[in-house]
Structure formats: structure tokens, C-alpha cells
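The next block holds one structure in the form of C-alpha cells; read it before the comments.
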Amino acid sequence: MTPPSALPDTLSRSIYRRLVLILCSLLMSFYVFYCLTEQSLPGPIIGTPEEEEAGYLDPHLPIWHSVKRRRLILSRLAGQRVSVRQGALWSRLFPNVGVPYPVSAQEGITLTSLGEGSKKLPQSIIIGVKKGGTRALLEFLRVHPDIRAVGAEPHFFDRNHDKGLDWYRELMPRTLDSQITMEKTPSYFVTKEAPARISAMSKDAKLIVVVRDPVTRVISDYTQTLSKRPDIPTFESLTFKNRTMGLIDISWSAIQIGIYAKHLENWLQYFPMSQILFVSGERLITDPAGELGRVQDFLGLKRIITDKHFYFNKTKGFPCLKKAEGSSKPHCLGKTKGRTHPNIDPEVVQRLREFYRPFNMKFYQMTGHDFGWDS
């Protein structure tokens, strides 16, 4: 019979051995789990440099997701929900880790892995017009998970065409087969060679033109130039070839851009009207969701961008995108947008309206849509 005094030592050793075995088992389990997740974690997520600069990097992602080769960059904004690959082991084990909002397959932002997708030539291009609202339209469209767009204007079909299509393709973001690649360069619409060049790249390209009251547009154009070159001549002196006779100087490029019918004739030689969508710059301000609905229909996409994505900024005078959940600041266009126009002599404005009226009427007939600039 074991002496009573030896019992405590035997029990202590037994408990110690069990604790060591349990600790070893836990360490082995953690090691195996680490190895499995290391192999199963999705690759790094990328976005365009413009998206990073615009503040789309989500500050709420967990620390371990910020490791350089696992770094996540949200490629869109505005209250959207993030969709992750449901098949990944990490996502199955921890469905909410790294996902700041509820997962939604329909409304989610598509996160494109570095190794996924490919660079494609654009299937759709915003070709004009300058000071019409092209930047606003592009920023709104970038909310859609099935659209990937270049932030900067490539100017390929007007200034860089000699660099070749391979150079142009390299500028494009990586896209999946289900996504549309887009770019915008407003000067294409008034570039004589652009229609033939785009047609040579793709006869099926879908073209978008944002048009605005030509008189308002030319004043906005002048305002932008004035902000960069305060020493330029007055608006009135640039507008008239002969002020006394009221002759408009059509050699001024700002005046030429607003003769939409003339430029459209050039495009219709290479593209049918069914492949060109005209977006109202005015309605893009008063009813952004409505105009975005038309654009999404034109591109064959589901209407994901709706009223819930916008709010009207009274200070700037145009709509802004609501930021994603968890952020206190909305996303508005930069301070260069919405500049205050200089006061223009009402007689000059009236003469410009008379000048543009016949061109506007022809444009209405060609497009089958009255934009209401002469009412």
C-alpha cells in the first residue's frame, strides 16, 4: 500500500504531464491552422493609383490584412458592400474578418486579385465634351462593381496614337470577363481623326457623350482657363470677331466645341447612333440617378447605382457620392469643380444663344432628343 505522504507528489506529476500534453496539442493545432490559412488566403487586392489618392483605402481593415503582399485596397466607395470569394477557407472560417460591411453578392464591390483578370482595350469610352460633366460621370460609374476605369485621361486617340495599342492597353486596369473596361477623354469628340481610330480598334465600342448647354459650357471653359491664366483677354473680346456687328469668332476653340451637330456628323460616318449615348450635363446635376440609370442600361448592366448613392451639396451646387459605411466624409469632386463663373454681359449671352440655336435644333433632330437649351 502506497504511503499517504507519497500521494500528493504522484498526483502533481500526473497533472503536470497532462497539462504539458494539452499545451503541446494546442501548439500543434495552431501550427497546422496557420499552414492551412497561409495557403488558402486570397492574394493581394489591387486598385488604381487614382483610387488610392482619392481616399478609397479602407482604414478599418484588420492589421494582418495590411501586410504588403496581402494588402487590401477597396476599389470603390459610396456605401457599397464588399464581396469576397466565398470558396476561400479564410472566408468560410471567419466570414466577417476584413469585411467592414455585410456581404452582398449583388451589390458588392468586386475586389480583383493581382493574379486575376487581364488588361483589355476599353469596350466603352466617354468621348466628350469638355466642361460637360465627364469627370462626374466617370466617378459615379466607378461605383459599379462591373465597371473598371482609368482615372487619368489617356488622350490616346488624339495625342498618343503613334504609341500603339499595346501602350494603350497597358494603361487599362485589370478586369474580369464580366467587367467593362472604360476610359474618358473629352477632347475625342472634337478630334477629327478620333472616330476612325476608335473604329479601327473596335467597331462595337459603346460611346458616351456628356453634353451641356453650349452657352453655359463655353463660359465654364473660359472660367477654367482664367483660373490658370489670369492675364487672358476678356470673355467678350474672345467671343466676337467684330463686337459692333455681333459676329461670333468661331476660330476660338471654346466656341467650336459647342457646335455639337457638326462634330456628331463626323462620328456618324463610323458609328451608328445606337452605339452613342448622349447624357445631359444638366440632368446629371438635377437627377444623377436617372441619368446613371440610362447609362447602365446602355452598357447592358444591372441598375446598381441608384438614388441611395447621392446627396446634393448645396455649397458646390452639384451632387456628391455618399461614402461607405464607417466613414464620416462624403466623396465630392475636387475644388476645381464648381467654380463660380464671372459675370458676363447679358447682351453677349443673348448673342451666343442666337448663334447656337440653329446648331442646337439640328443636334436635337439628329439625336431625337430635345435638351431644352433654347426654352
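The values are calculated or read from the model by the stated rules, or taken from the named source; none is laboratory data. In this text, all values refer to a predicted model and were calculated from it rather than measured experimentally. Glycine also receives a Cβ, built like all others from the backbone with ideal geometry; neighbour counts cover every protein chain displayed. What goes into the accessible areas is simple: the full protein's heavy atoms, side chains included, and nothing from ligands, DNA or RNA. Shrake-Rupley method; radii C 1.70, N 1.55, O 1.52, S 1.80 Å.
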Order the peptides 160-166, 187-193, 278-284 from the highest to the lowest mean number of other Cβ atoms within 10 Å of their residues.
278-284, 187-193, 160-166
Please list, by residue number, every one of the trypsin sites (Lys or Arg not before Pro) in segment 238-267 that is coil in DSSP and has at most 15 other beta-carbon atoms within 10 Å.
Arg243
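So what's the net charge close to Ala289: Lys and Arg +1, Asp and Glu -1, counting the other residues with Cβ under 13 Å from its Cβ?
That works out to +1.
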Within a Cβ distance under 11 Å of Ile257, other residues only, what is the Lys/Arg minus Asp/Glu net charge?
+4
How much accessible surface does Phe310 have with a 1.4 Å probe, in Å² rounded to 10?
20
Cut-off 13 Å between beta-carbons: net charge of the residues surrounding Glu170, Lys and Arg +1, Asp and Glu -1
+3
What do you get for Rg/Rh over segment 204-295 if you use C-alpha atoms and the Kirkwood form of Rh?
1.06
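Relative contact order for segment 193-300 using alpha-carbon pairs under 8 Å, separation at least 6, rounded to a whole percent?
Details: 81 pairs, mean separation 41.9, N = 108.
Computed value for segment 193-300: 39 percent relative contact order.
If the limit is 28 Å between Cα atoms, which of Lys308/Lys362; Lys163/Lys206; Lys130/Lys206; Lys262/Lys322 go over it? Kindly include the intermediate steps, with their values, before the conclusion.
Working: Lys308/Lys362 36 Å; Lys163/Lys206 23 Å; Lys130/Lys206 19 Å; Lys262/Lys322 38 Å.
Beyond 28 Å between Cα atoms: Lys308/Lys362; Lys262/Lys322.
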